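Colleague: Just dropping this structure here.
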Amino acid sequence: MDNGNVTPCDLLIVRGEVLTLDADDRRIRDGAVAVSDGLVLDVGPARELSARYRPERVLDAGGSVVLPGLVNAHTHAAMTLFRGLADDLPLMDWLHNHIFPAEEKLTEDWVYWGTLLACAEMILSGTTCFCDMYLFEHKVAQAADEAGMRALVGEVLYDFPSPHYGPLENGLRFTEDLIAEWKDNPLVRIAVEPHAPYTCSPELIRTCFEIAQRHDVPMVIHLSENEAEVAEVVRRYGKRPVAHLADLGVLNDRVIADHCVALDENDMDLLARHGVHVVHNPESNLKLTSGIAPVPALLERGVNVALGTDGCASNNNLDLFAEMDVCAKIHKAAASDPTVLDARTVLSMATVRGARALGFGDVLGRIEKGAAADLIVVDFRKPHLTPAYDPVSHLVYAAKGSDVRHSVIAGRVVMEDRELLTLDVEKICAEVRAIARKVR
Ligand SMILES: CSC[C@H]1O[C@@H](n2cnc3c(O)ncnc32)[C@H](O)[C@@H]1O
Ligand SMILES: [Zn+2]
């Protein structure tokens with residue numbers, strides 16, 4: 001407190017309707033959030049906080065809703081480069097005959113520009129934190145850091161030589177070097193990321209898990225994405241993919257399993273028993289006709305299910321608002337039950353559950369004193385958001401990414417009135433267009 005009982009702060013977001021999404025789940029009309037040193041200092045009625053704090057900067061949120069930033073818990077950011085390159089194909093055809101050949105040309109420069117483009121698209125649509133798996137991940141880490149985004153990133157590891165690091169031993173060494181290099185970064189963290197049980201030997205998956213345990217970092221893996229994967233893993237190992245990993249001893253609460261579409265009852269029990277986090281990617285699963293993940297059954301068992309877009313080549317965007325809408329609706333249709341996956345549950349998948357999966361659960365996903373100041377402001381002064389009885393309903397069923405007005409990550413304003421403050425979007429688009437000419 002200074003002399004006049006007024007406390008200085010870095011930022012005050014005022015006049016918005018604040019959804020705290022914390023244990024109290026408060027909805028503060030004409031609310032405010034005070035931010036200092038990257039953290040939420042206070043949240044409450046705007047009149048009280050305006051009297052209590054002297055901010056260096058004010059963000060107006062009039063007519064808007066303030067909520068925790070969205071978490072894209074599974075993507076391949078640089079695949080923005082391949083958006084629309086190969087559509088309307090099943091997973092294995094898409095991957096082996098179109099995406100893998102295009103990726104043979106990948107360079108670190110391409111990954112850098114493709115990831116910057118993804119960061120621009122994510123910030124513009126309300127995502128403040130993402131989990132990435134791809135190649136040349138040092139450039140993904142660099143791009144996320146430059147964009148001012150929070151991220152968990154990791155180099156993809158598989159049995160065959162990679163277009164980035166060549167033989168696998170180099171990839172394992174590269175991952176450990178990345179972990180050391182980014183250890184003290186406040187925004188970017190590193191994970192160990194074996195691609196999938198059908199591209200990684202049991203020895204490789206065990207080695208990845210051992211590295212993740214030793215460095216106390218997450219392990220990310222594609223798991224049971226479709227029935228073809230299950231059949232292949234059963235053919236090779238005599239077990240379904242989840243049971244295969246359980247028998248390898250590599251399932252626990254540091255594991256983030258992407259997709260988990262083709263699951264039986266035993267698979268779901270195993271995921272729940274071992275505390276594995278599941279990331280659901282409904283749009284990608286629909287587009288590649290992988291199927292519909294049994295999300296309601298996983299949630300019933302207490303599994304933490306987060307939401308992701310997957311890469312842009314199988315979605316084809318990074319807009320989590322669109323993903324929430326599809327997520328809420330497909331499960332109602334699949335269950336013939338409109339009460340399944342209500343809007344609040346789906347919003348939690350895109351916020352606090354995503355944060356928990358990525359290991360940021362202690363600081364992200366809610367607006368309360370001491371939480372990280374990762375916040376978005378969504379403009380409700382739009383015809384398609386009028387009237388607004390319930391903001392959570394609109395966020396899931398009516399809002400679009402383009403309704404996001406401001407974005408703050410770790411207390412830094414990265415977008416104000418839809419202007420990106422950390423990225424030169426014209427230059428990024430020009431660079432990506434030039435790369436696309438070579439992809440073709
Ligand atoms: C993800 S980096 C490694 C490798 O995986 C490919 N990939 C992209 N999307 C998927 C998916 O949905 N399932 C499996 N593999 C995928 C990507 O193109 C990279 O080559
Ligand atoms: Zn994926």
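Nothing in this text is a laboratory measurement; each read-out follows from the coordinates by a stated rule. Remember, predicted model here, so these are calculated numbers, not experimental data. Every residue, glycine among them, receives a Cβ derived from its backbone with ideal geometry; neighbour counts consider all protein chains shown.
Colleague: Under the Kirkwood approximation for Rh and a Cα-based Rg, what ratio Rg/Rh is obtained for segment 157-249? The partial results should precede the final answer.
Modeller: Numbers: Rg = 14.0 Å, Rh = 14.0 Å.
So for segment 157-249, dividing Rg by the Kirkwood Rh gives 1.00.
Colleague: Whole-Hz ³J(HN,Hα) for each residue in segment 417-431, computed from phi via Karplus 6.51 cos²θ - 1.76 cosθ + 1.60 with θ = phi - 60°, x for glycine and proline: what do you get?
Modeller: My calculation for segment 417-431 gives 6, 6, 9, 6, 9, 10, 10, 9, 5, 5, 5, 4, 5, 5, 4 Hz in order.
Colleague: Roughly how tilted is helix 320-335, in degrees to the nearest 10 and between 0 and 90, from the longest Cα axis of the chain?
Modeller: 60
Colleague: Average the reciprocal distances over every distinct pair of alpha-carbons in segment 1-158, invert the result, and give the Kirkwood radius in Å.
Modeller: 18.3
Colleague: Where the only charges are on Cβ atoms (+1 Lys, Arg; -1 Asp, Glu), what is the dipole of segment 70-357 about its Cα centre, to the nearest 20 debye?
Modeller: Working: 22 positive and 42 negative charges, 119 e Å.
Once rounded to the nearest 20, the dipole reads 580 debye.
Colleague: Separate question: Using a Gaussian network model on the chain with a 10 Å cutoff between Cα atoms, which of LEU248, LEU21, LEU364 fluctuates the most?
Modeller: Maximum among the listed residues: LEU248.
Colleague: Okay, moving on. Give the share of C-alpha pairs in each 5 angstrom bin for segment 220-269, from 0 to the last occupied bin, in whole percents, shortest bins first.
Modeller: Answer for segment 220-269: a P(r) of 5, 22, 34, 29, 9, 1 percent.
Colleague: What list do you get for SER125, SER36 if you sort them by fewest beta carbons within 10 Å?
Modeller: Neighbour counts put them in this order, fewest first: SER36, SER125.
Colleague: Need one number: nm distance between label points at TYR397 and VAL326, each 7 Å from Cα along Cα→Cβ, rounded to one decimal.
Modeller: Distance between the two pseudo-spin positions: 2.0 nm.
Colleague: Can you list the equivalent-ellipsoid semi-axes of segment 1-89, largest first and in whole Å, using the square root of 5 times each Cα gyration tensor eigenvalue?
Modeller: Each semi-axis is √(5λ); the values are 36, 15, 12 Å.
Colleague: Now for a separate question. Among GLU283, GLU229, GLU426, whose mean-square fluctuation peaks in a Gaussian network model of the chain (Cα, cutoff 10 Å)?
Modeller: Highest fluctuation among the options: GLU426.
Colleague: While we're here: Cα convex hull of segment 268-339: how many Å³ per residue?
Modeller: 87
Colleague: Run the numbers for ALA180 and GLU56: contour at 0.36 nm per residue of separation, minus the present Cα-Cα distance, in nm.
Modeller: Length gained, ALA180 through GLU56: 41.1 nm.
Colleague: A further question follows. As I understand it, the value is the acute angle between the Cα axis of helix 137-147 and the longest principal axis of the Cα atoms of the chain; what does it come to in degrees, rounded to 10?
Modeller: 10
Colleague: May I ask you to compute the full-extension gain from ARG433 to GLU232, defined as 0.36 nm times their residue separation minus their alpha-carbon distance, rounded to one decimal in nm?
Modeller: Extra length available between ARG433 and GLU232 comes to 68.6 nm.
Colleague: I need the phi-derived Karplus couplings for segment 257-264: 6.51 cos²θ - 1.76 cosθ + 1.60, θ = phi - 60°, integer Hz, Gly and Pro marked x.
Modeller: 9, 8, 5, 6, 7, 8, 10, 9
Colleague: For a quick check, take a GNM of the chain with Cα springs below 10 Å and name the residue from ASP216, ASP390, ASP177 with the largest mean-square fluctuation.
Modeller: ASP390
Colleague: A further question follows. To make sure I understand the rule: partners must be lysines, Cα under 23 Å from the Cα of LYS400, and not fewer than 8 residues away in the same chain. Which ones qualify?
Modeller: By straight Cα distance, LYS400 reaches LYS287, LYS329, LYS332, LYS382.
Colleague: Residue-wise, which Karplus ³J(HN,Hα) couplings in Hz belong to segment 12-17, taking 6.51 cos²θ - 1.76 cosθ + 1.60, θ = phi - 60°, and x for glycine or proline?
Modeller: In residue order, the calculated couplings are 10, 9, 10, 6, x, 8 Hz.
Colleague: For the chain, calculate the relative contact order in percent as a whole number, restricting contacts to Cα pairs under 8 Å that are 6 or more residues apart.
Modeller: Relative contact order, the chain: 20 percent.
Colleague: I want to verify the translational diffusion coefficient of segment 282-440 in µm²/s; compute it with Stokes-Einstein, Rh as the Kirkwood radius over Cα pairs, at 4 °C and 1.567 mPa s.
Modeller: Working: Rh = 17.6 Å.
D, rounded to a whole number, is 74 µm²/s.
Colleague: Trypsin sites (Lys or Arg not before Pro) within segment 162-215: which are DSSP loop residues with at most 12 other Cβ atoms inside 10 Å?
Modeller: Of the trypsin sites (Lys or Arg not before Pro), the ones in loops of segment 162-215 whose Cβ has at most 12 other Cβ atoms within 10 Å are LYS183.
Colleague: Okay, moving on. In units of 2.2 N^0.38 Å, what is the alpha-carbon radius of gyration of segment 70-357?
Modeller: Cα-based Rg divided by the globular estimate yields 0.91.
Colleague: Rounded to the nearest Å, what's the spacing between the alpha carbon centres of segment 415-440 and segment 26-50? Just the number, please.
Modeller: Taking the Cα centre of segment 26-50 as reference, the centre of segment 415-440 is 33 Å away.
Colleague: Return the Rg/Rh ratio of segment 342-436 with Cα-based radii and a Kirkwood Rh.
Modeller: Value, to two decimals: 1.03.
Colleague: Could I ask something else about it? Just the number: Rg to Rh for segment 36-80, Cα atoms, Kirkwood Rh, two decimals.
Modeller: Expressed as Rg/Rh, it is 1.13.
Colleague: Given 25 °C and 0.890 mPa s, compute D for segment 205-310 with the Stokes-Einstein relation, Rh being the Kirkwood radius over Cα pairs; round to the nearest whole µm²/s. Provide the component values of the computation, followed by the final result.
Modeller: Details: Rh = 13.8 Å.
D = 178 µm²/s.
Colleague: Separate question: How long are the semi-axes of the equivalent ellipsoid of segment 336-380, defined as square roots of 5 times the Cα gyration tensor eigenvalues? Whole Å, largest first. Intermediate results must be reported in sequence, preceding the final value.
Modeller: Details: eigenvalues 109, 44, 12 Å².
After diagonalising the Cα gyration tensor, the semi-axes are 23, 15, 8 Å.
Colleague: More than 15 angstrom separation, counting every C-alpha pair in segment 353-406; what % is that? Intermediate results must be reported in sequence, preceding the final value.
Modeller: On the way: 816 of 1431 pairs.
Tail fraction, whole percent: 57.
Colleague: Peptides 128-137, 332-341: what's the order by average Cβ count within 10 Å, highest mean first?
Modeller: Values: 128-137: 27.0, 332-341: 13.9.
So the order, starting with the most tightly packed, is 128-137, 332-341.
Colleague: Run lengths n ≥ 4 of DSSP H only: what is the helix-derived mean residue ellipticity at 222 nm for the chain, with -39500 (n - 2.57) per run over all residues, to the nearest 500?
Modeller: For the chain, the value works out to -10500 deg cm²/dmol.
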